[in-house]
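The next block holds one structure in the form of structure tokens; read it before the comments.
The values are calculated or read from the model by the stated rules, or taken from the named source; none is laboratory data. Source: prediction; values computed, not measured. Positions of Cβ are generated from backbone atoms using ideal geometry, with glycine treated the same way; all protein chains shown enter the neighbour counts. Accessible surface areas use protein heavy atoms only, side chains included; no ligands, DNA or RNA. Shrake-Rupley method; radii C 1.70, N 1.55, O 1.52, S 1.80 Å.
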Amino acid sequence: MKSNERITNFVKSRQFSADIHGLIPGGAHTYSKGDDQFPTNAPAAISHGKGAHVWDLDGNEFIDCSMGLTSVCIGHGYEPVAEAVCEAAFQGTNFQRPAAMELVAARLFLDTVQSGDMVKFAKNGSTVTTAAVKLARAFTGRSRVAIAREHNFFSYDDWFIVTTPCDRGIPSKVREMTAAFSYNDYESVENLLKDDDHDIACLIMEPVKFDPPRDDFLQKVGALCKDRGVLLILDEMISGFKWSLQGAQNYYGVKPDLSTWGKGIANGFSACALTGRAEIMELGGIRRQGDDKLFLISTTHGAETTGLAAMMATIREFEKHDMISGNWERGEVLKSRLDGIINSNGLESNLQLIGYPCLFALICKNPDGAPDDRFRTLMMQEMISNGALFQGLFYPTWSHQQPEMDILVRAFENACLVYRSAIDSGATDDFLIGPAAKPVFRKKI
């Protein structure tokens, strides 16, 4: 794509959208990939990817900003991982008994993340977060779960979804089983646990989102949970393998009772994990003769050799190339360059980059300085028109080297020019093509 060209051809994408909604509810298998999450000019489907580049059905090429919802932690089609997957597939992917690879993978993963004594693998994040909740209930004898209300997704299971506006199809009494606290508000946690009959089995939160923990929040919560007999679950689904190979918990120096891992541990292949202290995890085992059995995780495909091979190859490549350090360095440079463009266009009150160099987001505001979905969609639209597949996140990976960063910066610069014009006009009416993107969690379609 030439620097002065805009991507405008989406003929095949439009046909794809028209066809897929008749066969797949929502038109995608993840709601955040749906048509309602993007501007009208977004590609409807990706035909293939290589490194940080992806191509749509019409042959348009983009730099991928969030890399498969941050699950592709090295790059699309990265050869050493793909080759490990192929080799595993040719040896057989699923057997009547555990694959020998499962023991090797368990040792490597536990040695790598250094969080917990035992591990249980699965295919998706919801499986392991719900398993963590089940363990916490069994271990503590309590029933309720406390979630950080600022963290937007923990599971598609009822215990979490009932707390969102999308609670249709879930019995109302389920809502009573989940409480909420606020991240960085220690008092809100204290209030949940102050009574002896609080019935809270566990607190679950991400170690960090975009705002850093303040005033030793994580350490204080961990100490309070221990004192009150509540399990602390840290969801490293996003932060794992970004802040460090040991997750954000290592970065901040906090030790949870259980941890969940997923996005980005296998370069886009399906591999998730639950880790934790042996005395808790063993509740899901079969060695305690005479005890009640806890049916923890039992999935035919949870330990497929292809996913485990991808995970092990990903770990090896991260260590071989010191990828996390490089991602932070390039992310710092990218964030600085983007901030410079925001400032040069006088958009400091309207565009704000939040987060860390390894993963940061753009907040889009209207002329009054309030977050606005129409202005957010306009920024997405213009980034896409300039060759950057953008949904609000910047996730630097090993494949985002200087040429890719330069394309992102150029796209951002061009998008900011349009954004500046929209701010000056007071509205997006003359600039936005089609409706605004909508929140995933909303009451009405």
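Can you name every residue in the range 288-310 that is in a loop (DSSP other than H, G, I, E, B) and within 17 Å of Gln96 (Cβ to Cβ)?
Ser298, Thr299, Thr300, His301, Gly302, Ala303, Glu304, listed by residue number.
Among the residues of the range 175-230, those that are part of a loop (DSSP other than H, G, I, E, B) and either farther than 25 Å from Thr164 by Cα or polar (S, T, N, Q) (or both) comprise Ser182, Asn184, Lys194, Asp195, Asp196, Asp197, Arg214, Asp215, Asp216, Arg228, Gly229. Of all residues in the range 122-131, none satisfies being more than 19 Å from Lys263 (Cα to Cα), basic (Lys, Arg) and either open to solvent by less than 20 Å² (accessible area, probe 1.4 Å) or not in a strand (DSSP E or B) (or both). Looking for something in contact with a Leu (Cβ under 8 Å, 6 or more places away or on another chain) and over 21 Å from Ala411 (Cα atoms) - is there at least one such residue anywhere in the range 87-99? Looking for residues that are in contact with a Leu (Cβ under 8 Å, 6 or more places away or on another chain) and over 21 Å from Ala411 (Cα atoms), one finds at least one in the range 87-99, hence yes.
Only residues that are farther than 20 Å from His53 by Cβ, aliphatic (A, V, I, L, M), outside any helix (DSSP H, G or I) and open to solvent by less than 60 Å² (accessible area, probe 1.4 Å): list them for the range 386-445, please. If the condition is that a residue be farther than 20 Å from His53 by Cβ, aliphatic (A, V, I, L, M), outside any helix (DSSP H, G or I) and open to solvent by less than 60 Å² (accessible area, probe 1.4 Å), then Ala427, Leu432, Ala436, Ala437, Val440 are the ones that fit. Filter the range 261-285 down to the residues that are buried (at least 20 other Cβ atoms within 10 Å of the Cβ) and closer than 30 Å to His48 by Cβ and list them by number. The answer is Trp261, Gly262, Lys263, Gly264, Ile265, Ala266, Asn267, Gly268, Phe269, Ala271, Cys272, Ala273.
Considering only residues that are polar (S, T, N, Q) and farther than 27 Å from Tyr156 by Cβ, which ones fall in the range 14-61? Result: Gln15, Thr40, Asn41, Ser47, Asn60. The set of residues from the range 148-178 being aliphatic (A, V, I, L, M) and either without any contact (Cβ under 8 Å) to a residue 24 or more places away in the chain or surrounded by fewer than 19 Cβ atoms within 10 Å (Cβ to Cβ) (or both) comprises Ile161, Val162, Ile170, Val174, Met177. The selection criterion, being at pLDDT 95 or above and touching a Cys at 6+ places or on another chain (Cβ under 7 Å), does not hold for Gly340. Looking at the range 198-212 only, could you name the residues that are under 15 Å from Arg149 (Cα atoms) and either crowded, with 19+ Cβ neighbours inside 10 Å or in contact with a strand residue (DSSP E or B) (Cβ under 6 Å, 6 or more places away or on another chain) (or both)? Those that are under 15 Å from Arg149 (Cα atoms) and either crowded, with 19+ Cβ neighbours inside 10 Å or in contact with a strand residue (DSSP E or B) (Cβ under 6 Å, 6 or more places away or on another chain) (or both): Cys202, Leu203, Ile204, Met205, Glu206, Pro207, Val208, Lys209, Phe210. Scanning the range 343-382 for residues that are open to solvent by 30 Å² or more (accessible area, probe 1.4 Å) and under 18 Å from Pro39 (Cα atoms) yields Ile363, Lys365, Pro371, Asp372, Asp373, Arg374, Arg376.
Restricting the range 325-339 to residues that are among the hydrophobic types (A, V, I, L, M, F, W, C) and open to solvent by less than 20 Å² (accessible area, probe 1.4 Å), the residue that is nearest to Lys242 (Cα to Cα) is Leu334.
What strands (runs of 3 or more DSSP E) lie completely within the range 4-115 and have 2 or more residues being open to solvent by 40 Å² or more (accessible area, probe 1.4 Å)? So the answer is 46-50. In the range 230-260, the qualifying residues are those that are surrounded by 23 or more Cβ atoms within 10 Å (Cβ to Cβ) and at positive phi, and the one that is nearest to the chain's Cα centre (by Cα) is Phe241. Among the listed residues Lys255, Lys209, identify the single one that is of a type in the set (Lys, Arg) and farther than 27 Å from Arg316 by Cβ. Answer to the check: Lys209. From the list Asp227, Asp195, the one residue that fits, being more than 14 Å from Arg144 (Cβ to Cβ) and either without any contact (Cβ under 8 Å) to a residue 12 or more places away in the chain or more than 24 Å from the chain's Cα centre (by Cα) (or both), is Asp227.
Regarding the range 362-381, can at least one residue be identified that is within 30 Å of Glu317 (Cα to Cα) and modelled with pLDDT of 95 or more? Yes, because at least one residue in the range 362-381 is within 30 Å of Glu317 (Cα to Cα) and modelled with pLDDT of 95 or more.
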